[in-house]
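One structure below.
The values are calculated or read from the model by the stated rules, or taken from the named source; none is laboratory data. Small disclaimer: the values here were computed from a predicted structure and weren't measured. Ideal geometry is used to build each Cβ from the backbone, glycine not excepted, and the neighbour counts take in all protein chains shown. Surface accessibility is based on the protein's heavy atoms, side chains included, excluding ligands, DNA and RNA. Shrake-Rupley method; radii C 1.70, N 1.55, O 1.52, S 1.80 Å.
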Amino acid sequence: MLDDLRYRLRVIFRRRAVERELADELRFHIEQYADVEERSGVPRDEALRRARLAFGAIEAIKEESRDRRGVGVIDVAWRDFRYAVRTLARTPAFTVVAILSLTLGIGANTAMFQVLNGLLLRELPVASPRELVEINLPEADLDRGRGNFPRYPAMPYPLYEELQRRQEAFSTVFAWADEWFNLAPAGEVRRAPGLWVSGDYFPALGLAPALGRLFTPADDRPGCGFPGAVVSHEFWQRELGGDRHAIGRTINVHSRPVDIIGVAPAGFTGLQVGQTFDVALPFCSLVAFRPDSTQLTSGTTWWITPVGRLKPGWTVERADAHLRAISPRLFKASLPPDYPAVSIPAYLGSTVMATPAATGRTYLREEYGTPLWLLLGMTGFVLLIGCANLTTLMLARGAVRQRELSLRLALGATRGRLLSQLLAESVVIATASAVAGALMAYVLSQGLVQLIATARNPIVLTLTPDWRVVAFLALTGFGACVILGLAPAVRASRGNPGDALKSGGRGVAGDAGGLRLRRALVVAQVAVSLVLVVAAFLFARSFGNLLGEDLGFRTDRVLVVEASLPAPAPPPETAAAVKRELIAGLRAIPGVESVGETTNVPLDGSNSSNVVWLDGASRADGRQAYFTRVSRGYIETLGMRLIAGRDIADTDTASSPHVAVVNETFARMVLPGVDPIGRRFRVEASPTTPERQYEIVGLVGDAKYRRLRDATRPVIFVAIAQRGGPVAGGIYLVRTSTTLHNFAPAVRDALARVNPRLRFVVRGLEAEIRDSLLRDRAMALLSSLLGGLAALLAAVGLHGVAAYGIERRRREIGIRLALGADRRQIVASVLRENARLIAAGLVIGTGLALVATAAARGLLYGIEPRDPVTVTAAVAALGAVALLATAIPARRAAQVDPISTLKDD
Amino acid sequence: MGDESPLLLPQGTLDLLILRTLAVEPQHGWAISQRIQLASSDMVRVQQGSLYPALHRLERRGWIKAEWGASENNRRAKYYALTRKGRAELEAQTTAWHKLTLAVGQVLDVS
């Protein structure tokens, strides 16, 4: 047994010694034979010759002896591996180029997949994530819901309580809601992602604390006060330095000191993939923070997300059916007393449904799901194009080694052995690239995430490789290896050894096939890269359209200031006074041109809408209109165009008639062909305000409202002072005369002077709107990068084929030149030959592009995926690059020296 | 060398012949082929093409082991010797061979 092992190890690892012994052994045999011949009078030389002849194909015998040594797969693989490494080391330039380009390709693909995996595929790091089910209302029902929607999709707390009481599908129904917490004790706000959670949130997720303890249902009881805070592992590391004695330390949340009672386990970032939390608080603490808050009792504040854990034996489908079945009772029991009468039937007719939550939930998925798949497809194409170039290189390598291979075939090596040796080279290249690619992907994926993250909206994704990433990497590597190695290896091992040996170094008949394959590859490269170039052009133009879009207002030199007093809210008189001082303080800052208050910052994604109909018409004729409550100065600050009538004025107060300034679209839709000033309309009752009549006092130009991509909507600006009670604080837009960079500190000082208790956030409007285009910017940037890379790779491929074609025709060109052909004709004929390939690629590529770009439809703005101008431009651009790539070798063809070419023979 | 064409060895018989030859004393490849040829009155001629692969196969199975030594004319030669496992194998195969030839002979004689 031990002998056996020693024998095998020796065969595998003392290869050279074993080989030498085999050679010695066979030589001994031949010499013995020669001795016999010699004894019969033959001279030594002749004797040896005869001996060798009689012995037969010595290499074949060696080969077979090796096989008989047994050894098996490992040895063969090890042998081929070493052989491959040796051969590759002999051509370092090729090896470096091949590994480098494949590393880039595999790395980029893996990075893309890692992000995609982290965002879309990865299951939550909690106990049995597949049992988790998110409970929400369908979009249609939410759209008909009334009240405040601080989060979306979400439901009111009382509905959740009702749900807990009546459902039978889940062992627990817990809930959560995210909110930006302010961790600064005073002054400028320090925004931190926070979580409100029900007491059974952590137990139901099966999480164990990294330190201290997590909340239990006992913590989350009405009137609980401040049972403490649970912080995330990342927060504990970052803010508390991983202090083992962090329990009992206090942090400031919304200006209240709260004790830390525990640290959540590492890797747990909440149920929203892509977002994380710093601090979690129990729902019951909410009233302690905000005594006047109605969030836990209001049936019209839609803000929490319930999640259920399925009972054993229940499926998501069954739970969904169950929830839908009990929906009528749920909504009947939870009907809020303040619900507007007109909307009650819609509320009672709503349903709750179950959606699988194993991978968590995030708005990022809708935002970035398609883009990530598209980008992965594009990087995949780039890898393919790059692989095609390497295949060509491998083919060329095979051609160069044709003689060596033929010789080995002639000496008795089997084709199978040659094939596996040639493939081994691709395996070595692909493996090295996959390993390097994995490292590169790790860095690159972080960069990708940072590309779409902002300081205000950080994105936290778990990117550590899991089995999917490893499988992806292995598959990409394997695929690259097959593409790279198979065709050249099969070709190289197929040739007839005699032909190759006879023809010397020059082209063999079989080479024509090589050229055919190369040409086919180049056509494919051009076709695929055209798709990527079209995509790049489309995304770039779409981004350009967004940037160039007329917003209807000016964003430069506008600061957004959010200010508020900590809870509890002061009495109305104090609140009104604080507000007046605040606005006065802002206006008093030197360099401030105007200040306006608002409830919605344009283009920040928020919106408020209600049904509106003309006075005298019936509600049934009403239509959806969008609202922004503003003060005097808003329209001026944003540089909006006041077309007729007047702005909201300081004289529009709670006691004066309700007034409105409408935009052009509203006027056109509701009052076509009529002067809107002085007309009256009514607004449907909402949970906070009864049905009301407004008089139109002004008309402003259209402006973008909720998001840049939205079509212009009918918007109504109403006086913020005519809302219910005054609130101490709000959102202020400040237009300044100098650049914002110098200005923000002055605003901070002024606010601190006005009232030291004020909490505030200051940011630039322009930057904020730019941030809302991050996805479009990322798509434009990445697709341009990939498109450019694809075009470059295709150009390299074309150049190679053109150069090779000319090399093959060198003699012919030489003869033609010698016979007096015009050099320009030669160049033209070469160019024509390549132009045919390019044209074929472009035609196929156009067809592919017309089909493939449809996938990008939802992401494009102001441009159709089949936009003829874009497609034409892409064809022209890629065609020009491609022609240029072939023109260089074509010029070289013209410089062929006929004499030296012909002398070669 | 006789005029008769040499016999074709049935599959696996070469192994048996090698083992039998080595049962006498350790030998190198050349000598093994000569011995077999001699012992079979030139009826069996071993092709080098199959001898060496066979030797390596037997060595791998652990039936024979190899050692380098000096040949009669003082060349370095690889000597193969039967192992204990090989000797047992030889006995088993010899018995099997006898049984087989007997049985085959009987069948042929009947007809």
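Based on alpha carbons, the Rg and Dmax found for the stretch A:304-423 are 31.7, 96 Å. Partner shielding of B:18-30 amounts to 1, given as the average count of beta-carbon atoms from other chains within 10 Å of each residue beta-carbon. The packing ranking of peptides B:29-36, A:220-227, highest mean first, is B:29-36, A:220-227, where packing means the average number of other beta carbon atoms within 10 angstrom of each residue. Computed from backbone phi, the HN-Hα couplings of the stretch A:347-359 come to 4, 5, x, 6, 10, 10, 9, 10, 10, x, 10, 4, 9 Hz, rounded to whole numbers (Karplus: 6.51 cos²θ - 1.76 cosθ + 1.60, θ = phi - 60°; Gly and Pro given as x).
Peptides A:240-250, A:544-554 ranked from most to least packed by the mean count of surrounding Cβ atoms within 10 Å: A:544-554, A:240-250. Using bins of 10 Å that start at zero, the share of Cα-Cα pairs per bin across the stretch A:52-160 amounts to 10, 16, 17, 16, 12, 10, 11, 6, 3, 1, 0, in whole %. The listed residues B:L82, A:L848 rank as A:L848, B:L82 when sorted by accessible area, largest first, using a 1.4 Å probe. Among the residues of the stretch B:45-62, those with an accessible-area drop of 50 Å² or more from chain alone to full protein complex, heavy atoms and 1.4 Å probe, are B:Q48, B:Y52, B:P53, B:H56, B:R60. Every Cα-Cα pair in the stretch B:63-111 was counted, and those over 15 Å apart are 64% of them. Placing pseudo-labels 7 Å out from each Cα toward the beta carbon at A:R244 and A:L883 gives an inter-label distance of 7.4 nm. Ellipsoid fit via the Cα gyration tensor, the protein assembly as shown: semi-axes of 81, 40, 24 Å, each the root of five times an eigenvalue, largest first. When the accessible areas of B alone and A alone are added and the area of the pair subtracted, with a 1.4 Å probe, the result is around 2100 Å², both sides summed. The accessible-area ordering, largest first, of the residues A:L733, A:L565 stands as A:L565, A:L733, per a 1.4 angstrom probe.
Estimated purely from DSSP H runs of n ≥ 4, each contributing -39500 (n - 2.57), the mean residue ellipticity at 222 nm for chain B is -19000 deg cm²/dmol once divided by its residues.
Peptide A:29-35 is shielded by partner chain Cβ atoms: per residue, an average of 5 of them sit within 10 Å of its Cβ. Picking from A:L530, B:W97, A:G552, whose Cα lies most toward the positive end of the charge dipole for the protein assembly as shown (charges on Cβ: Lys, Arg +1; Asp, Glu -1)? So the residue we want is B:W97.
Here B:K99 is the anchor, and the lysines within straight C-alpha reach of less than 26 Å, apart from those fewer than 8 places off in the same chain, are B:K85.
When both the stretch A:693-758 and the stretch A:207-226 are represented by their alpha-carbon centers, they are found 39 Å apart.
Calculate the translational D of the stretch A:117-223 in whole µm² s⁻¹ from Stokes-Einstein, where the hydrodynamic radius comes from the Kirkwood formula applied to all Cα pairs, the temperature is 37 °C and the viscosity 0.692 mPa s. Answer from the Stokes-Einstein relation: 199 µm²/s.
Between B:L8 and A:L819, the FRET efficiency estimated from the beta carbon spacing at R0 = 60 angstrom works out to 0.40. Going Cα to Cα from A:K332, which aspartates and glutamates come in below 20 Å? Please leave out same-chain ones fewer than 8 positions away. Cα-Cα hits under 20 Å: A:E139, A:D141, A:D143, A:E161, A:E162, A:E168, A:D320. The convex hull drawn around the Cα atoms of the stretch A:693-762, when projected onto a plane and averaged over every direction, covers 7.7 nm².
Computed from Cα atoms, the angle from the helix A:823-852 axis to the main principal axis of chain A rounds to 40 degrees.
Remark: mean inter-chain Cβ contacts per residue of A:22-28 equal 5, using a 10 Å Cβ-Cβ cutoff to other protein chain atoms. Treating the angle as unsigned and between 0 and 90°, give the value, to the nearest 10°, between the Cα long axis of helix A:774-808 and the longest Cα principal axis of chain A. The helix A:774-808 is inclined about 20 degrees to chain A. Taking the charge dipole of the protein assembly as shown about its Cα centre, with +1 at Lys and Arg Cβ atoms and -1 at Asp and Glu Cβ atoms, the residue from A:V683, A:V851, A:L423 reaching farthest to the positive side is A:L423.
Dipole check for the protein assembly as shown: with +1 at the C-beta of Lys and Arg, -1 at the C-beta of Asp and Glu, and the Cα centre as origin, the magnitude is about 2240 Debye. Convex hull volume of the Cα atoms of the stretch A:199-329, normalised per residue: 142 Å³.
Entry comment: accessible area of the protein assembly as shown is 46 Å² per residue, from protein heavy atoms only and a probe of 1.4 Å. Computed packing ranks the peptides A:525-535, A:795-805, A:622-632 as A:525-535, A:795-805, A:622-632, most packed first, by mean other Cβ atoms within 10 Å. Helical runs assigned H by DSSP (4 residues or longer) give chain A a calculated mean residue ellipticity at 222 nm of -17500 deg cm²/dmol, each run adding -39500 (n - 2.57) before division by the residue total.
Excluding same-chain neighbours fewer than eight residues apart, the lysines reachable from A:K62 by a Cα-Cα span under 17 Å are B:K78.
Given the C-alpha centroids of the stretch A:347-388 and the stretch A:422-497, what is the distance between them in whole angstrom? Spelled out, the Cα-based centre of one part sits 21 Å from the other. Run the Debye formula on the Cα coordinates of the stretch A:784-842, all scatterers equal and no solvent, and tell me log10 I(q)/I(0) at q = 0.12, 0.18, 0.22, 0.28 1/Å. For the stretch A:784-842 at q = 0.12, 0.18, 0.22, 0.28 Å⁻¹, log10 I(q)/I(0) is -0.38, -0.70, -0.90, -1.15. Scaling against 2.2 N^0.38 Å puts the C-alpha radius of gyration of chain B at 1.16.
Measuring how big the stretch A:536-630 is from its alpha-carbon positions, Rg and Dmax come out at 19.6, 58 Å. Note on the stretch A:637-723: with neighbouring protein chains present and a 1.4 Å probe, carbon and sulfur make up 50 percent of its accessible heavy-atom surface.
The Kirkwood hydrodynamic radius of the stretch A:851-905, based on inverse pair distances between different Cα atoms, is 14.9 Å.
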